[in-house]
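Working notes, structure below.
The values are calculated or read from the model by the stated rules, or taken from the named source; none is laboratory data. Only a predicted model underlies this, so the values are computations on that prediction, with no experimental measurement involved. Heads up, the Cβs are rebuilt from the backbone with ideal geometry, glycines too, and the neighbour counts pull from every protein chain shown.
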Amino acid sequence: PKAQAVKVRQAPELVGQRVQVSGWVHRLRRQGKALMFVVLRDGTGFLQCLLADRLCQTYDAILLSQEASIRVYGTLARRAWRRRTNSRLLGADRPGSPGGVESVLNVESDVDVLLDNRHLVLRGEHTSKIVKLSCHVMRAFRSHLFDRGYVEVTPPTMVQTQVEGGSTLFSFDYYGEPAYLTQSSQLYLETCLPVVGDCFCVARSYRAEKSRTRRHLSEYTHLEAECPFITYNDLLDRVEDLIVDVSERVLKEAGDLLREVNPKFNAPKKPFRRMNYTDALVWLKENNVLRPDGKNYEFGDDIPEAPERQMTDTINEPILLCRFPAEIKAFYMPRCQEDNRVTESVDVLIPGVGEIVGGSMRIWKHDELMKGYAREGIDPSPYYWYTQQREYGSCPHGGYGLGVERFMTWMFGQEHIRDVCLYPRMTGRCKP
Ligand code: ATP
Ligand code: MG
Ligand code: MG
Ligand code: MG
């Protein structure tokens, strides 16, 4: 009978049947002249194949090498290797690969060698698990937001306005006009509020980061949401809900796979610890974490990555860090009524990574917004479409941006953000 073409993931239901499976040689071992063990990988799983006797003597079998693409024919057996039962093979397509990914690349290879060969490293078991889990995470984020009635929109990524400060802008020539790669889609999302209400987008954001850290990419996936008619407290609740619910969803949908990658992962519990920026200053002082100049961090200082992570790792639970001083936050953040020096802002800090979310309420009065531009020294004219919102039915609103790769670095228990990217873009690296 004609062998049915199947994927490896279907194999358990087809034991005893003759099938054909197409994929790549993940591993290959020859034992004498009459036995070959092949682990075939097809993206849905791994299939152990046994070739015996004459099958090992064919031209194709002799030339077969690691990472060649092949099609195998045989009868599916449970644990074919151990019982040496009736798996028969093989009509290989032309063995096409130079072979030997793992003999060239292994965990001890130099980081740059591994990154240069990312296209091959991706084929490894660990990395392919991460690629699949990333898809589950994206699906969980979208499902979470769709279930709560958010509408997904697609803002442009080639823009002429900045959101998070001029120093990290990538600029380019746009038909003779200066333009930037977007740092954030927030301003565009805000214009969608009167169109669809609660909305979100998943877009790439670009930051020309000056320093190398284990959590900064030059191109990253930015999940941003914007919500009309909410209060600052609603915003804090929504951010917390997002992180807890998405963690639970991924555990439910792909818990087995996630545990293989990060056995220690547990969904965090609500409510998160809530701290103000000023509480963080106190914590740093009490724990003797000092500025590079040897003094204590003071009100108005940006808390850099290292001390921020030291605090988060020591406290060892998610933190909602609230009410940052206006001078270290962006032009669009409103001040708190109870204390005019600080803003209605929040960062979510997570052990091992630090900041994974930045959010705030947005200034919705025109005059106040203009003062923000003046304070930051930004020319408001390219923002005419944004500032005009404040003259046509403005409303209280707020939103947040979450770094998807940072979230995954935490969830998958990885050391460095590059390990959760398909092809990381970082300071000094734009290939492959
Ligand atoms: P950081 O303080 O780490 O530089 P940020 O405060 O500049 O981050 P935001 O402008 O608040 O970042 O952007 C929102 C979110 O986008 C951040 O909380 C983070 O999760 C993510 N993010 C920002 N910059 C990067 C980057 N270079 N690489 C990966 N993710 C990033
Ligand atoms: Mg930054
Ligand atoms: Mg920050
Ligand atoms: Mg931030």
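Worth pointing out:
- Filtered by the rule that a residue be in contact (Cβ under 8 Å) with a residue 24 or more places away in the chain and surrounded by fewer than 15 Cβ atoms within 10 Å (Cβ to Cβ), the stretch 228-248 gives 229, 231, 234, 241.
- Filtered residue count, the stretch 76-90, keeping only those that are modelled with pLDDT under 90 and touching a strand residue (DSSP E or B) at 6+ places or on another chain (Cβ under 7 Å): 8
- All positions within the stretch 343-374 that are among the polar types (S, T, N, Q) and away from ligand 4 (no atom under 16 Å from the Cβ): none
- Cβ-Cβ under 6 Å pairs, at least 6 apart or on other chains, the stretch 198-219 side over 28 Å from residue 143 (Cβ atoms), far side within 16 Å of ligand 4 (Cβ to nearest atom) and assigned to a strand (DSSP E or B): none
- All conditions in (1) of a type outside the set (Gly, Ala, Ser); (2) within 28 Å of residue 353 (Cα to Cα); (3) in contact with a Cys (Cβ under 7 Å, 6 or more places away or on another chain); (4) surrounded by fewer than 19 Cβ atoms within 10 Å (Cβ to Cβ) hold for residue 151, with the sole exception of (2).
- Residues located in the stretch 389-432, provided they are surrounded by fewer than 17 Cβ atoms within 10 Å (Cβ to Cβ) and of a type in the set (Phe, Trp, Tyr): 392, 423
- Residue 149, sole failed condition from (1) over 19 Å from residue 421 (Cβ atoms); (2) within 16 Å of ligand 4 (Cβ to nearest atom); (3) at pLDDT 95 or above: (2)
- Of the candidates 219, 226, 248, the single residue that is touching a helix residue (DSSP H, G or I) at 6+ places or on another chain (Cβ under 6 Å) and at pLDDT 95 or above is 226.
- Filter result for the condition that a residue is out of contact with any Ser or Thr (no Cβ under 9 Å at 6 or more places or on another chain), within 23 Å of residue 214 (Cα to Cα), of a type outside the set (S, T, N, Q) and free of Cβ contacts under 8 Å to residues at least 60 places away in the same chain, over 256, 293, 301: 301
- Counting the residues of the stretch 376-432 that are under 20 Å from residue 122 (Cβ atoms), more than 16 Å from ligand 2 (Cβ to nearest atom) and out of contact with any Leu (no Cβ under 9 Å at 6 or more places or on another chain) gives 6.
- Residue in the stretch 215-223 that is closer than 28 Å to residue 167 by Cα, within 19 Å of the chain's Cα centre (by Cα) and either among the aromatic types (Phe, Trp, Tyr) or part of a helix (DSSP H, G or I) (or both) present: yes
So that you can scan it fast, the table gives a plain yes or no per residue for (1) at pLDDT 95 or above; (2) of a type in the set (Ser, Thr, Tyr); (3) within 16 Å of ligand 1 (Cβ to nearest atom):
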residue	(1), (2), (3)
168	no, yes, yes
183	yes, no, yes
196	yes, no, no
204	yes, no, yes
208	yes, no, yes
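- Any hit, the stretch 390-398, residues being away from ligand 3 (no atom under 16 Å from the Cβ), hydrophobic (A, V, I, L, M, F, W, C) and farther than 27 Å from residue 259 by Cα: yes
- Within the set 154, 161, the sole residue that is in contact with a helix residue (DSSP H, G or I) (Cβ under 6 Å, 6 or more places away or on another chain) and either part of a strand (DSSP E or B) or more than 16 Å from ligand 4 (Cβ to nearest atom) (or both) turns out to be 161.
- Boolean, residue 372 is within 16 Å of ligand 3 (Cβ to nearest atom), small (Gly, Ala, Ser) and touching a residue at least 12 places away in the same chain (Cβ under 8 Å): no
- Candidate set: the stretch 29-65, residues that are in contact with a strand residue (DSSP E or B) (Cβ under 8 Å, 6 or more places away or on another chain) and free of Cβ contacts under 8 Å to residues at least 12 places away in the same chain; chosen: the one farthest from residue 254 (Cα to Cα): 31
- Leading residue by the ranking (farthest from residue 378 (Cα to Cα)) among those in the stretch 170-187 that are away from ligand 4 (no atom under 16 Å from the Cβ) and aliphatic (A, V, I, L, M): 181
Conditions tested, residue by residue: (1) acidic (Asp, Glu); (2) within 16 Å of ligand 1 (Cβ to nearest atom); (3) part of a loop (DSSP other than H, G, I, E, B).
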site: 298; (1), (2), (3): yes, no, yes
site: 332; (1), (2), (3): no, yes, yes
site: 352; (1), (2), (3): no, yes, yes
site: 355; (1), (2), (3): yes, yes, no
site: 359; (1), (2), (3): no, yes, no
site: 388; (1), (2), (3): no, no, no
site: 401; (1), (2), (3): no, yes, no
site: 406; (1), (2), (3): no, yes, no
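- Exactly one residue among 299, 331 is surrounded by fewer than 17 Cβ atoms within 10 Å (Cβ to Cβ), touching a helix residue (DSSP H, G or I) at 6+ places or on another chain (Cβ under 8 Å) and under 28 Å from residue 376 (Cα atoms), and that residue is 299.
- Which numbered condition residue 331 fails, given (1) out of contact with any strand residue (DSSP E or B) (no Cβ under 8 Å at 6 or more places or on another chain); (2) within 16 Å of ligand 2 (Cβ to nearest atom); (3) under 18 Å from residue 278 (Cα atoms): (3)
- Being within 13 Å of ligand 3 (Cβ to nearest atom) and under 30 Å from residue 270 (Cβ atoms) holds for only one residue in 307, 334, and it is 307.
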